[in-house]
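A.B. asks: Quick one: structure below, then a few questions.
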Amino acid sequence: MIDKELLTSCFTKSQNISWPCSTCSNGYLVINEDTFFSKETSVSLKGHSHYEWEPEWVSFVYSCIFRCSNNNCNEQFASSGHGCLDWDIEEDDHGIPQQVYSPCFEPYYFYPSLKIIDIPKNVPDDITNQLNKSFELFFSSPSAAVNHARSALELILNHLKVPKTTINNKKKRVKINLHNRIDKLAKQHSELKELLLAIKWIGNEGSHPEKSLTKNDVIDLYEILEHVLSELFENKSKTILAKAKKINKAKGIK
Ligand SMILES: [Zn+2]
């Protein structure tokens, strides 16, 4: 299960988010203290002289290198993004609640990319590559991330040998659209039809420039995709079914 809050949260210099390390999957990302830099942007600095200025107008850029907390792994992750001032209520020395502001940062980029869903080991490389590209763009451009996930869906259909073209009634070879390809697959995998169509619909939104997808929309898509990959490539249910068939054929355990 994907942790939505984890993927959409901001971090502060002293409070790391427990993003899991994509290299070892055991550790989580911590800031290499001396690598964190942030600067206020020029527009933000100019804003201070405005008579209506408020702390909410402040914006930063940041860059830093995270390392994996697992010492056996010690992977390094380059990251950059933007920041703002977040407010909280704290009591002062006299116990009077005060509004206090502190910088918090939202990542736009990680390299290497974070692993957002589990990809089963026997998923073909071209699908895995598309998914990794999608994860790389997740933080900076949810729509671009969705486009790569949609391409991964086309590749899944290729690997399942769903035809890409057909002959129309004018005897011309034409492309089969994604929706019809999913319909074809549904004959063998009826349980997956709804899931694949949902991926397709969110994928369509990704290519409409007027619609801006959020990280939460992309996470919904990833959740469905994770389930589809597990059903198609982990073969858990198929392995159990094969075992049952073997037992039935032998009329007991040999
Ligand atoms: Zn690690």
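A.B. asks: Considering only lysines 8 or more places apart in sequence, or on different chains, count the pairs in region 161-206 whose C-alpha atoms sit under 15 Å apart.
C.D. replies: 9
A.B. asks: Could you calculate the contour length gain from I247 to S212, that is, 0.36 nm times the residue separation minus the distance between their Cα atoms, to one decimal place in nm?
C.D. replies: Numbers: separation 35, 0.36 × 35 = 12.60 nm, distance 5.26 nm.
Result: 7.3 nm gained on full extension.
A.B. asks: Take the Cβ-Cβ distance between I176 and T8 as r, set R0 to 41 Å, and report the resulting FRET efficiency rounded to the nearest 0.05.
C.D. replies: Working: r = 36 Å, r/R0 = 0.88.
E between I176 and T8, to the nearest 0.05, is 0.70.
A.B. asks: Shifting gears a bit: Mean residue ellipticity at 222 nm from the helices of the chain, using -39,500 (n - 2.57) per DSSP H segment of n ≥ 4 over the full residue count, to the nearest 500 deg cm²/dmol?
C.D. replies: Numbers: 8 runs with 97 residues, N = 254.
-12000 deg cm²/dmol, from helical runs alone.
A.B. asks: To continue, here is another question. So if R0 is 22 Å, what FRET efficiency would V43 and D86 give, r being the distance between their Cβ atoms, rounded to the nearest 0.05? Walk me through the numbers before you get to the answer.
C.D. replies: Working: r = 19 Å, r/R0 = 0.86.
About 0.70, to the nearest 0.05.
A.B. asks: At E191 and E154, where each label point lies 7 Å from the Cα along Cα→Cβ, what is the point-to-point distance in nanometres?
C.D. replies: In this crude label model, E191 to E154 measures out at 2.9 nm.
A.B. asks: Here is a follow-up. Which whole-number percentage describes the relative contact order of the chain, with Cα contacts under 8 Å and a sequence gap of 6 or more? Before the final figure, lay out the partial values.
C.D. replies: Values: 372 pairs, mean separation 36.3, N = 254.
It comes to 14 percent, rounded to a whole number.
A.B. asks: In region 209-233, whose amide N lies under 19 Å from the spot 7 Å out along Cα-to-Cβ of Y108? List them in ranges.
C.D. replies: 212-216
A.B. asks: Per 0.36 nm of contour for each residue apart, how much would the distance between N72 and M1 grow if the chain were fully extended, relative to their Cα-Cα spacing?
C.D. replies: Details: separation 71, 0.36 × 71 = 25.56 nm, distance 2.58 nm.
Net length gain for the segment: 23.0 nm.
A.B. asks: What FRET efficiency, computed as 1/(1 + (r/R0)^6) with R0 = 35 Å and r the Cβ-Cβ distance, is obtained for W53 and D118, rounded to the nearest 0.05? Intermediate results must be reported in sequence, preceding the final value.
C.D. replies: Numbers: r = 46 Å, r/R0 = 1.32.
The computed FRET efficiency comes out at 0.15.
A.B. asks: When we measure straight from the Cα of K13, which lysines land under 24 angstrom away, once same-chain ones fewer than 8 places off are left out?
C.D. replies: K4, K39, K115, K215
Bear in mind that the values in this text are calculations on the coordinates, not laboratory data. Because the structure is predicted, anything quoted here is derived from the model rather than measured. Virtual Cβ from ideal backbone geometry, glycine too; neighbours counted across all protein chains shown.
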